[in-house]
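Throughout, read-outs are computed from the coordinates displayed, never taken from laboratory work. Bear in mind the structure is a predicted one, so any value in this text is a computation, not a measurement. Heads up, the Cβs are rebuilt from the backbone with ideal geometry, glycines too, and the neighbour counts pull from every protein chain shown.
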Amino acid sequence: MIKISPSEITPEHMFLSRRKLMAAAGTLAMGTALAACGGGGASSAEPAPEGVAAPSTVITDLPEALAHAEAYASQTTDELGGALNRYEQITNYNNFYEFSMEKEAVAPLSKDFTLLPWNIEITGMVNKPQTISYEDILKNFLQEERIYRLRCVEGWSMVIPWVGFPVGDLLKLVEPTAEAKFVQFTTIVRPEEMPGQQGRSFIEYPYIEGLRLDEAMNPLAIFATGMYGKPLVPANGAPFRLIVPWKYGFKSGKSIVKIELTDTMPVSTWMKAASNEYGFYGNVNPAVSHPRWSQSTERRIGENGRRDTLPFNGYADEVAYLYEGMDLQENF
Ligand SMILES: Nc1nc2c(c(=O)[nH]1)N[C@H]1C(S)=C(S)[C@@H](COP(=O)(O)O)O[C@H]1N2
Ligand SMILES: [Mo]
């Protein structure tokens, strides 16, 4: 196995789609959040040329923004040539059990979910525990585009142009202590707005996920705040969610409100629900079948037939060093 430290990763490969969006993301985010509460008027913009910050246009008309959704990705494919999924696909075919177990029901049930105010508590084994507002996140961290494949453990995938920033940037701010070995991510509990959290449910809430600290520090791991150059919609985990592209989708917790550094491996929601089917790692691995189905192929949403699933979802060069010496059959 070739060892590549994060600092050696070639920018061309990893950040092919990199596009700085700091000024735009903040403005767009607040504009659309307001629009969702009944704003009017319309303005939009042409896509920014590559390498130039996107125009800081305030989009106050949501339908207008959606009509231009496709314009806000800087590329039409990922670095492997896979076409981006359309905005409508990414926002209407979702796993978000807090709203519904039915993929097409998540968007309508979540569209009025309250996004502001939103605070993220960062706690545990850190020198500088703090609570950061969503607005301060946008102000303080450079938002950039990352076109990633998302591979669900169920055997389907999409190519999604996220907007966000490295998890490591936020962790560096709070200074993990020497004892910290893991990061636990906790999703919001708000049963009054999340029908899936009312009454009996198949999984326990809050939805919890975790990473080893070195996995979280890998530059591919991001917090997403947007998609197609616009703020996330609730169905995709607005306003703030994790994205770990080399792992099955369930690792990428949505609508996160708490980040805790610990010295013990977090027990994730899916480990609790079915420990024989879902492990802590959840690395995409075509060689290890789910107990109930093969993981060797996947259906790209919008395409016919199936394509081969790639080890680490196609990101092996960037992340395989994290698992050197580990038995990947055992640690699924
Ligand atoms: N809080 C929470 N996060 C979640 C889930 C969920 O049910 N609740 N589903 C996961 C699963 S199984 C997948 S495949 C991805 C789907 O992300 P998307 O709908 O943005 O494509 O979200 C993940 N994050
Ligand atoms: Mo998933």
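Taking other residues whose beta carbon is less than 14 angstrom from the beta carbon of GLY124, and scoring Lys, Arg as +1 and Asp, Glu as -1, yields -2. Of interest is the spacing of the C-alpha centroids, which for segment 293-307 and segment 210-229 amounts to 25 Å. Between ILE203 and ASP263, full extension at 0.36 nm per residue minus the direct alpha carbon distance yields a gain of 19.1 nm. The trypsin sites (Lys or Arg not before Pro) found in segment 170-221 that occupy coil by DSSP, while having at most 11 further C-beta atoms within 10 Å, are ARG200. Report the residues of segment 144-162 in range of a label on VAL288: point 7 Å along Cα→C-beta, backbone N strictly under 17 Å from it. Counting only backbone N, you get 151-155.
Judged by the ratio a/c of the largest to the smallest principal axis of the C-alpha gyration tensor, segment 171-218 counts as prolate, that ratio being 1.5 or greater while a/b is larger than b/c.
Measuring between alpha carbons in the structure, the pairs from LYS111/LYS251; LYS181/LYS272; LYS172/LYS247; LYS111/LYS254; LYS139/LYS181; LYS111/LYS139 lying more than 18 angstrom apart are LYS111/LYS251; LYS181/LYS272; LYS172/LYS247; LYS139/LYS181; LYS111/LYS139. Taking Lys and Arg as +1 and Asp and Glu as -1, the other residues whose beta-carbon sits under 14 Å from that of ARG300 total +1. Once the C-beta distance of LYS128 and ARG190 is scaled by a Förster radius of 35 Å, the resulting FRET efficiency is 0.80 to the nearest 0.05. Rounded to the nearest 20 debye, the dipole size of segment 75-323 about its Cα centre is 400 debye, using +1 on the Cβ of Lys and Arg and -1 on the Cβ of Asp and Glu. Projecting the Cα atoms of GLY302, ALA316, MET271 onto the dipole axis of segment 263-332, where Lys and Arg carry +1 and Asp and Glu carry -1 at the beta carbon, places GLY302 farthest toward the positive end. For segment 228-332, trypsin sites (Lys or Arg not before Pro) are listed when DSSP marks them as loop and at most 15 other Cβ atoms sit within 10 Å of their Cβ; the list is ARG292, ARG306.
Here is the list for segment 173-206: chymotrypsin sites (Phe, Trp or Tyr not before Pro) lying in DSSP coil, each with at most 14 other C-beta atoms within 10 angstrom of its C-beta, are PHE202.
Each peptide in 325-331, 214-220 gets a packing score, the mean of other Cβ atoms within 10 Å over its residues, and the list from highest to lowest is 214-220, 325-331.
May I ask for the net charge around VAL244, where only other residues with Cβ less than 13 Å from the Cβ of VAL244 are counted and Lys, Arg are +1 while Asp, Glu are -1? Within the 13 Å Cβ shell, the charges total +4.
Start at zero, step by 10 Å, and the Cα-Cα distances of segment 75-323 spread as 7, 32, 40, 19, 2, 0 percent across the bins.
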